[in-house]
């Protein structure tokens, strides 16, 4: 894994991977009742909060939306949009990997704010020599919080064109390094209003 190391004004060293951070923001948010990317988190939005949390470790940031109409404000990131409508996160993965300048991309859903930079770095490192490094929590894969190499793109496109939009099926087509033994709470999603309020409460207590 190629990295660059910076030290800013005598502060701690910042390790920047030559990898792309892809934030998946194209979900329809039916259970939340409003678009998750624009949920308020302090003085910012959930999307910007997730990017700011992870981006310092990456050489590039890309954000994928299903369609341009989902973008409600100017964003200082590269934006991509789904080729296949109503195809879920797999379409966001296709758009992001197709646009990424790096060979390896760490993808994370914008409603997974507990994911840490350490998880991202672990996944990117583990993706060497395979198509993807995917966490597996209690036997369940987490394909929307995983590192993908460019070699995975053709398989993603083939699945979309075949009408198989389930991201959980993708691993069957890829050479995968499974990341086991990780803390389950790091992979919690904000699925509905109760999850969102719990996250805001935890954030106000400094738990994140």
Subset of the range 179-199 that is in contact with a strand residue (DSSP E or B) (Cβ under 7 Å, 6 or more places away or on another chain) and more than 22 Å from residue 92 (Cβ to Cβ) - its residue that is surrounded by the fewest Cβ atoms within 10 Å (Cβ to Cβ)
180
Restricting attention to the range 52-79, report how many residues are touching a helix residue (DSSP H, G or I) at 6+ places or on another chain (Cβ under 6 Å) and over 20 Å from residue 17 (Cβ atoms).
1
With the structure loaded, tell me whether residue 91 is part of a helix (DSSP H, G or I), crowded, with 22+ Cβ neighbours inside 10 Å and touching a residue at least 24 places away in the same chain (Cβ under 8 Å) or whether it fails that test.
yes
Residues satisfying the stated conditions in the range 1-38, i.e. in a loop (DSSP other than H, G, I, E, B), crowded, with 16+ Cβ neighbours inside 10 Å and at pLDDT below 95:
26, 27, 29, 32, 35
Residue list for the range 95-140, filter: part of a helix (DSSP H, G or I), crowded, with 23+ Cβ neighbours inside 10 Å and touching a helix residue (DSSP H, G or I) at 6+ places or on another chain (Cβ under 8 Å):
97, 119, 120
For the condition within 13 Å of the chain's Cα centre (by Cα) and more than 24 Å from residue 193 (Cα to Cα), what is the one hit in 101, 117?
117
Could you look through the range 39-51, keep only residues that are in a loop (DSSP other than H, G, I, E, B) and in contact with a helix residue (DSSP H, G or I) (Cβ under 8 Å, 6 or more places away or on another chain), and pick out the one that is modelled with the lowest pLDDT?
42
Under 6 Å between Cβ atoms, which residue pairs at least 6 apart in sequence (or on different chains) link something in the range 10-34 that is on the phi > 0 side of the Ramachandran plot with a partner that is modelled with pLDDT of 80 or more and not in a loop (DSSP other than H, G, I, E, B)?
29/36
Return the residues of the range 141-167 that are closer than 21 Å to residue 19 by Cα and assigned to a loop (DSSP other than H, G, I, E, B); say none if nothing qualifies.
142, 143, 144
Out of everything in the range 52-80 that is without any contact (Cβ under 8 Å) to a residue 24 or more places away in the chain and not in a loop (DSSP other than H, G, I, E, B), what residue ends up being surrounded by the most Cβ atoms within 10 Å (Cβ to Cβ)?
80
Please find, among 160, 174, the residue that is more than 16 Å from the chain's Cα centre (by Cα), farther than 25 Å from residue 28 by Cβ and touching a residue at least 12 places away in the same chain (Cβ under 8 Å).
174
What's the total number of residues in the range 141-164 that are in contact with a helix residue (DSSP H, G or I) (Cβ under 6 Å, 6 or more places away or on another chain) and surrounded by fewer than 16 Cβ atoms within 10 Å (Cβ to Cβ)?
0
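The values are calculated or read from the model by the stated rules, or taken from the named source; none is laboratory data. Only a predicted model underlies this, so the values are computations on that prediction, with no experimental measurement involved. Cβ sites come from the backbone with ideal geometry, for glycine too, and all protein chains shown count toward neighbours.
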